[in-house]
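Student: Quick one: this structure, given as structure tokens, is what I'll be asking you about.
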């Protein structure tokens, strides 16, 4: 695979690499979830909230579309992913960007001997951002190095976004996941008013509850080992204070937490515990599911299994790793259930009977992906300040208007 | 197929279902052609005429694009149909909507066990309208129920448009077909003036001729039974007064009118007659083709035939069900020939020698699809009033300008 | 193949055909590279330069997008070509056009017996320009005749652009190639000023050097015979004065210059010479590579080779037809290396070590494709005058602004 020019750079440690993907205190290329620190995350959360709010009115939406009409994005998805693809498309469109896509690998020039690096360099000469999802490991990272090299020669340094790659990272999924948890843990409710708010009410039953990610307990259930979304999200959670992470998985080496990851989390002062069922009791006699602020469900990835592995797994009682109405009732009233989707209707880790429970956040999680990605793109192109300014004027005007000043 | 939640609703009668797909006297989800009543059709025809007219000037076109820039449509076409796909795309673009598409079923998450209902719910969280064409029967209808359910929980009720499904209905094809007939039967001509108009001229030879669909005789030729466009169009024609419907088909059960449909049409007071050739004479001694106001040709669908059926059909003289110049000359001078397209060049139901005849309406029928679909979308999003207002001002100004007032 | 209506027109001579593809001194349909004369090329070069310059600022870009928002293009690419596809997409978007594409032949109605002429006529009723790349030879030409016929009946004459077809012409590739050579031979440099410019400096060593294409020596290396881009470009070069064309190829009938083309070039007063290596010396004792103003490299097209041909070619020393750093150093300091791309990493006609040499123009050549195609489209739709006007005002304002007048 002819990426030889950049391959020697891949093995360097993250703390050397990460600054190379930033420019003027902004992310230029998004390759790893480790590029997100709590300060940047906080800014992105606020921008995402504002975009979401502005997109509700035609006027706000037209403002958003006026931000990047001079920019075009290419969605280069040789590894298919309808959800991620559409979510990025909608995010780009919301900011007024033109969008085009290359989805079929066989259409590309690679069959004529072109290297993927040449292909992406060519794309970057037509488009202002390349959002890529590839089966080739580290391709996005190598392309970011190539772009930086061009930039150092005063040529176009087109931003590269890693939209998931093979068994690699999926940093924008981690971003939307943590944004969804943060929103759920802000206890904001559309009906909050000066007379009533959800947080005050929740504190009646949960006196130690604080808003935000610090101190929260997050459960992960299902395919903890192979799910790259889990790894990417854990990278971000570990940056918050006093986070506890509980894994609820079958005790099989293909599914449970790896020793590596456990050690890595513990080094970052994350409290890690492992359970084999939702009902397993804790020191206070209550089941673990009742201790969770957030439960991240995953699909058991069977499509990559060998026949022998399938047989090996056949002795596991998988019903333990599926939600149902009864189990959900055991959860705290404010807890949030997430799932990176698609969920597997045949396996049934989340049956549709759970969908109408207020704790089900997985559909809004999908929609959050659009807002979080739009926030990221506005950060990269340095228009998040314009969004904040417009939002302030716009809401002030609405307030004036509602109060009769205008 | 896991649409179990909504499957019990499918068997209810149409008159119960239809109101569920409307909101504030407007169509919200378009699932069946029976949702169109003559009043709504008339409004859609007028809107389509105005959109067509405004799109001719850059100024008018820019106005149209200002209507829905804050809306995005997803074309979810897992059953391919280039014509319908492009026509919807062009309609959406004309109104300023962003468009994205999912066309390859294999790209979707269904391979990971996701239900089509979950997929469409996810799409509906990124896009403001889902236009779908699927091989799964009734999927659009089930999705509309799902959306209504979300709407009842104060969540997004994203409009669903059925763009054709398996052997089901194809309501927007029926809409463009009847719009084309209505326009042809309005006897409007670009050269109409205060001194001359086409309708007055035609009445010299056809003293009983009236503009509009009432009282018209529509012929259907070819594959009457399997063509879903025929069924959908008949549903609409039956809503007009004194419509006569003549079928010109081979007397074979796979091609001719079904007993069911004949009975249904007769119950709706439609005069139904069947013929085996264009030349078959009527009571006045003239061939049936001379009695038609409109002739709807269809392609004989051979791609679904079994070998035994093909043999069975081999004794039929299909040359009877093909047009040619000579047959067209037997038609009335104002009659309109339609075809849902594609026409089959190998079979030759309409040879290209007919294309330049003024009675050939099939290419403008295709273009009408774009205007009719744009009209429908502007109706659903409640911007047809804005179109009417702008059109009035715009044409008044042009008139003033032409008369020297401006 | 049912294009019979127009097939008899194909064999007519070019000088009869070419005027049919123009309207009001503008290209209406672009089918052949021979449609470009030096006057039109010169206008297109200037428009492309202005578009490139305006696209650099958000304000300029927004002006460009205001030119054709009322137009929609269809990219009908049944023969895949990612590069050409994306380049046209980006060009259309830059001018504000809506873009849709049909890329999968199997999606089209041809499987139902529709002729390609019917398909394109249908497309032309939804879109305002059809940009097509097809495996069917001469399809674009036949479609242009069809459109002209419709135009003669006062119907829509939608412009057709040939984006490459089988072994046929590829006129927009020729356009971007010659635009790239012309720019390289204008000796313009971003650092040119009143005190220093590149041209004056170069003349110290090359006293006879003149700006522009006249009198230049262009080398072609590699697959001279089968490369349609070579033929299309030669058609344009032959229109300039005193152009010399040197071919550097293996002496094998499948690769070297054909007798036909040699005779045709000589009839047009082009000096043609053939060489078997870059190092072959000329009359002055210097290697041929040192005499070139421009070197056009090509990929050896192996994907169409038979096994017997592959064996036949195995005795050739192909290392002679590959560039490397050492060979590039033998070139003139101002010379330009082009390649239509993709380059073949396995064959290695241009190794990446050459990429950073200032003579490497092949990546900017790709980007030039976007500007040259945008210039062509603005010419066809007659908005190039608007571009020139805005550009003049805009640069005057910037100048005033910089000089403190504003």
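Student: Based on this model, can you work out whether residue C:375 counts as over 25 Å from residue A:149 (Cα atoms) and not assigned by TED's automatic domain parsing to the domain that holds residue C:207?
Tutor: yes
Student: Please go through the range C:75-105 and give me each residue that is facing another protein chain (nearest Cβ under 7 Å) and modelled with pLDDT of 95 or more, ordered by number.
Tutor: Correct list: C:86, C:87, C:89, C:90, C:93, C:98, C:100.
Student: Which helices (runs of 4 or more DSSP H) does the range A:249-350 wholly contain that include 2 or more residues that are surrounded by 15 or more Cβ atoms within 10 Å (Cβ to Cβ)?
Tutor: The helices (runs of 4 or more DSSP H) meeting that bar are A:259-267, A:325-329.
Student: Moving on to the next point. Any chance the range B:103-114 includes a residue that's under 30 Å from residue B:64 (Cβ atoms) and surrounded by fewer than 24 Cβ atoms within 10 Å (Cβ to Cβ)?
Tutor: yes
Student: Also: Does residue A:278 satisfy the criteria of being in contact with a helix residue (DSSP H, G or I) (Cβ under 7 Å, 6 or more places away or on another chain), assigned by TED's automatic domain parsing to the domain that holds residue A:213 and on the phi > 0 side of the Ramachandran plot?
Tutor: Answer is no for this residue.
Student: A follow-up question, please. Among the residues of the range A:199-206, is there at least one that is touching a residue at least 12 places away in the same chain (Cβ under 8 Å) and in contact with a helix residue (DSSP H, G or I) (Cβ under 7 Å, 6 or more places away or on another chain)?
Tutor: no
Student: Separate question: Residues of the range A:21-40 being at pLDDT 95 or above, farther than 15 Å from residue A:161 by Cα and either touching a strand residue (DSSP E or B) at 6+ places or on another chain (Cβ under 9 Å) or assigned by TED's automatic domain parsing to the domain that holds residue A:131 (or both), which ones?
Tutor: Within the range A:21-40, A:40 is the sole residue that qualifies.
Residue by residue, here is whether (1) over 18 Å from residue A:231 (Cβ atoms); (2) outside any helix (DSSP H, G or I) holds:
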| position | (1), (2) |
| --- | --- |
| A:137 | no, yes |
| A:140 | no, no |
| A:144 | yes, no |
| A:147 | yes, no |
| A:155 | yes, yes |
| A:162 | no, yes |
| A:173 | no, no |
| A:182 | yes, no |
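Student: Could you say which residue among A:58, A:50, A:71 is within 8 Å of another protein chain (Cβ to nearest Cβ) and farther than 24 Å from residue A:340 by Cβ?
Tutor: Testing whether each residue is within 8 Å of another protein chain (Cβ to nearest Cβ) and farther than 24 Å from residue A:340 by Cβ leaves just A:58.
Student: Could you tell me how many of the residues in the range C:227-248 are in a strand (DSSP E or B) and without any contact (Cβ under 8 Å) to a residue 60 or more places away in the chain?
Tutor: Here the count works out to 4.
Student: Considering only residues of the range A:351-365 that are part of a helix (DSSP H, G or I) and surrounded by fewer than 24 Cβ atoms within 10 Å (Cβ to Cβ), which is farthest from the other protein chains (Cβ to nearest Cβ)?
Tutor: Checking each candidate, the answer is A:354.
Conditions tested, residue by residue: (1) at pLDDT below 95; (2) out of contact with any helix residue (DSSP H, G or I) (no Cβ under 9 Å at 6 or more places or on another chain); (3) under 18 Å from residue B:223 (Cβ atoms).
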residue: B:250; (1), (2), (3): yes, no, yes
residue: B:267; (1), (2), (3): yes, yes, no
residue: B:290; (1), (2), (3): no, yes, no
residue: B:298; (1), (2), (3): yes, no, yes
residue: B:304; (1), (2), (3): yes, yes, yes
residue: B:326; (1), (2), (3): no, yes, no
residue: B:329; (1), (2), (3): no, yes, no
residue: B:339; (1), (2), (3): no, no, yes
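Student: Exactly one of these conditions fails for residue B:394: (1) under 24 Å from the mean Cα position of the chain (by Cα); (2) surrounded by fewer than 19 Cβ atoms within 10 Å (Cβ to Cβ); (3) touching a residue at least 60 places away in the same chain (Cβ under 8 Å); (4) more than 13 Å from every other protein chain (Cβ to nearest Cβ). Give me its number.
Tutor: (1)
The values are calculated or read from the model by the stated rules, or taken from the named source; none is laboratory data. Small disclaimer: the values here were computed from a predicted structure and weren't measured. Heads up, the Cβs are rebuilt from the backbone with ideal geometry, glycines too, and the neighbour counts pull from every protein chain shown.
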